[in-house]
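Some notes on the structure that comes next.
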There are 2 protein chains.
Amino acid sequence: MANRSDTKTRILDAAEKLFAERGFSETSLRLITSKAEVNLASVNYHFGSKKELIRAVLARYLDVFMPTAADAIVAVRNADANASLNDIFSTLVNPLLDLNQVRADGTTTFLQLLGRGYIESQGHLRWFITTHYGKYLSLFVKAVGESAPHIPPAEMFWRLHFTLGTVVFTMASADALTEIAAADFGEHNDIEAVIRKVIPYLSAGVSVPVNKDAM
Amino acid sequence: MANRSDTKTRILDAAEKLFAERGFSETSLRLITSKAEVNLASVNYHFGSKKELIRAVLARYLDVFMPTAADAIVAVRNADANASLNDIFSTLVNPLLDLNQVRADGTTTFLQLLGRGYIESQGHLRWFITTHYGKYLSLFVKAVGESAPHIPPAEMFWRLHFTLGTVVFTMASADALTEIAAADFGEHNDIEAVIRKVIPYLSAGVSVPVNKDAM
DNA sequence: TTCAATTTAAAACACTCGTTTAAATTAAAC
DNA sequence: GTTTAATTTAAACGAGTGTTTTAAATTGAA
């Protein structure tokens, strides 16, 4: 029996789950192919290399998320030219949650993959994302900057990277944190609850007035 | 020639530099021992295993930083019982910068190691830090909590992890970010400048009032 | 049905890793 | 100065990695 439900898709589905859980370099091709119930060599046949598989896994999400997120931001700014930072960040919630309709647990998986991607792999993934999705990133940066015009560009550069760190780290360990929160505080959060917790934190940090003494 | 300036120290010095730069699992013992100009087997002879070497590298910093940081926080709270969140965070700056006197580039190295430690290695490092330095961590959490009494404990749990993510991610990529900032904005930041930039961001995020609608 | 292209399969390749072994060397104790 | 313990050395081990190769099976079109 060949091509039962597409070997390529079976590999991608197994790989994204394992990559999100354990990171890229900690996930071997042998583990992926055994979970996907396909032959080891089929990864190199269909994708060329492990690096290209990683990029394919991320592209499957980015190709969906980036355009819808960009559309949402454009729409919000057309409706309200003075949209707040909180509005801009909140705009991303729905495009993120929509990923759950693309695939089960899509939102969590995507955010964890993004986190792993920025934490690991110095080169090829950063390059892949910025060259393939750079125009969307520029749009996001522009929207945030214009919603907090009292922050100079250089300061905003740092704060957006602080923000990236917050999101990436939180999402990469979201499962563990949710478990601890449930055990210690009886809270039962899903990924949407965590997203809605982090947004006010980010908005406050990004827009806090710059202290000239500390520069 | 044996024992030229202590093999153990040579290993620790080479290891901490490489670990901070490339992460733990990306740094092989062969690379460490070649940089340290010692024999490969000496790592296992002096430290037992790579895991124990990693812990020894971190302990050398934590043993210095944790007590002085705790003392500083106790002192600030004795001087001003209503110390603000910004005060608490700022109190950590000097203990951090003092690490530059322990070793060249000590502050950056320590923060990057801490970042790598929390990002990588699911188990043994988290366990090592919480069991060996738990009392200091509790003191920090208590001080922060009491400086922002309007934030419920469960919410504070999440915000402190957001904060951890910001710090860890920023420090792990501090070198790259500083370079970009210099190229794009003509800013020339050292590690102290980055620390002083991040503190107001963190204080604002941690202390922003909780929006009941979003819970 | 035949034939060529695609896909799967099993095995081996070449390499890196942390660790261990056993001999050689050095430093310390008597 | 001899003996004893600590340290350093070189070599090998065993397990794991991504990738390539070779051949077999399967597919779709002629």
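The values are calculated or read from the model by the stated rules, or taken from the named source; none is laboratory data. Keep in mind that this is a model prediction, so the values were computed, not measured. So basically every Cβ, Gly included, is an ideal-geometry build from the backbone, and we count neighbours across all protein chains shown.
Go through the range B:88-99 and count every residue that is surrounded by fewer than 18 Cβ atoms within 10 Å (Cβ to Cβ) and of a type outside the set (A, V, I, L, M, F, W, C).
Here the count works out to 2.
With (1) touching a Leu at 6+ places or on another chain (Cβ under 7 Å); (2) surrounded by fewer than 21 Cβ atoms within 10 Å (Cβ to Cβ); (3) within 11 Å of chain B (Cβ to nearest Cβ) as the list, and A:Y133 as the residue in question, which single condition is left unmet?
Answer for A:Y133: the failing condition is (3).
Going by the structure shown, is A:T9 surrounded by 14 or more Cβ atoms within 10 Å (Cβ to Cβ), within 13 Å of DNA strand C (Cβ to nearest atom), more than 18 Å from the chain's Cα centre (by Cα) and assigned to a helix (DSSP H, G or I)?
Values: surrounded by 14 or more Cβ atoms within 10 Å (Cβ to Cβ): no; within 13 Å of DNA strand C (Cβ to nearest atom): yes; more than 18 Å from the chain's Cα centre (by Cα): yes; assigned to a helix (DSSP H, G or I): yes.
No: the conditions fail for A:T9.
Does A:N86 satisfy being away from DNA strand C (no atom under 16 Å from the Cβ), within 14 Å of chain B (Cβ to nearest Cβ) and polar (S, T, N, Q)?
yes
Among the numbered criteria (1) under 25 Å from A:I54 (Cβ atoms); (2) crowded, with 18+ Cβ neighbours inside 10 Å; (3) at pLDDT 95 or above; (4) charged (D, E, K, R), which single criterion is violated by A:R159?
Result: A:R159 passes all but (1).
Okay, residues lined up against (1) farther than 30 Å from A:I151 by Cβ; (2) modelled with pLDDT under 95; (3) more than 16 Å from DNA strand D (Cβ to nearest atom):
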site	(1), (2), (3)
A:E26	yes, yes, no
A:K35	yes, yes, no
A:G48	yes, yes, no
A:S84	no, yes, yes
A:T108	yes, yes, yes
A:L114	no, yes, yes
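Applying the selection to the range A:185-207, what residues are surrounded by fewer than 19 Cβ atoms within 10 Å (Cβ to Cβ) and at the interface with chain B (Cβ under 7 Å from one of its Cβ atoms)?
Once the filter is applied, which keeps residues that are surrounded by fewer than 19 Cβ atoms within 10 Å (Cβ to Cβ) and at the interface with chain B (Cβ under 7 Å from one of its Cβ atoms), the range A:185-207 yields A:F185, A:E187, A:R196.
Before we move on, is A:E52 more than 16 Å from DNA strand C (Cβ to nearest atom) and either within 14 Å of chain B (Cβ to nearest Cβ) or within 22 Å of the chain's Cα centre (by Cα) (or both)?
So A:E52 does not fit the description; no.
Testing B:I151 on (1) buried (at least 19 other Cβ atoms within 10 Å of the Cβ); (2) assigned to a helix (DSSP H, G or I), one condition comes back false. Which one is that?
(2)
Report, by residue number, each residue of the range A:60-82 that is aliphatic (A, V, I, L, M) and at pLDDT 95 or above. Quick ask: steps written out before the conclusion?
First, the residues of the range A:60-82 that are aliphatic (A, V, I, L, M): A:62, A:64, A:66, A:69-70, A:72-76, A:79, A:81.
If the condition is that a residue be aliphatic (A, V, I, L, M) and at pLDDT 95 or above, then A:L62, A:V64, A:M66, A:A69, A:A70, A:A72, A:I73, A:V74, A:A75, A:V76, A:A79 are the ones that fit.
For the range B:148-182, which residues satisfy the criterion of being over 29 Å from A:E187 (Cα atoms) and small (G, A, S)?
If the condition is that a residue be over 29 Å from A:E187 (Cα atoms) and small (G, A, S), then B:A172, B:S173, B:A174, B:A176, B:A181, B:A182 are the ones that fit.
Yes/no per residue for (1) more than 12 Å from the chain's Cα centre (by Cα); (2) within 16 Å of DNA strand C (Cβ to nearest atom):
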| residue | (1), (2) |
| --- | --- |
| B:A72 | yes, no |
| B:L97 | no, no |
| B:N100 | yes, no |
| B:R103 | yes, no |
| B:L111 | no, no |
| B:R116 | no, yes |
| B:R126 | yes, no |
| B:I129 | no, no |
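Can you name the residue in the range A:178-189 that is among the charged types (D, E, K, R) and part of a helix (DSSP H, G or I) and is also farthest from the chain's Cα centre (by Cα) among such residues?
A:D184
Check A:S28 against each of (1) away from DNA strand C (no atom under 14 Å from the Cβ); (2) within 14 Å of another protein chain (Cβ to nearest Cβ); (3) not hydrophobic (A, V, I, L, M, F, W, C) and name the one condition it does not meet.
(1)
When the residues of the range A:34-49 are filtered to those that are within 10 Å of DNA strand C (Cβ to nearest atom) and out of contact with any Lys or Arg (no Cβ under 9 Å at 6 or more places or on another chain), which remaining residue is farthest from A:R126 (Cα to Cα)?
Once the filter is applied, the top-ranked residue is A:N39.
Do we have B:A193 as under 19 Å from A:P209 (Cα atoms), among the small types (G, A, S) and modelled with pLDDT of 95 or more here?
So B:A193 fails the test.
For B:D175, state whether it is part of a helix (DSSP H, G or I), in contact with a helix residue (DSSP H, G or I) (Cβ under 9 Å, 6 or more places away or on another chain) and at the interface with chain A (Cβ under 8 Å from one of its Cβ atoms).
No.
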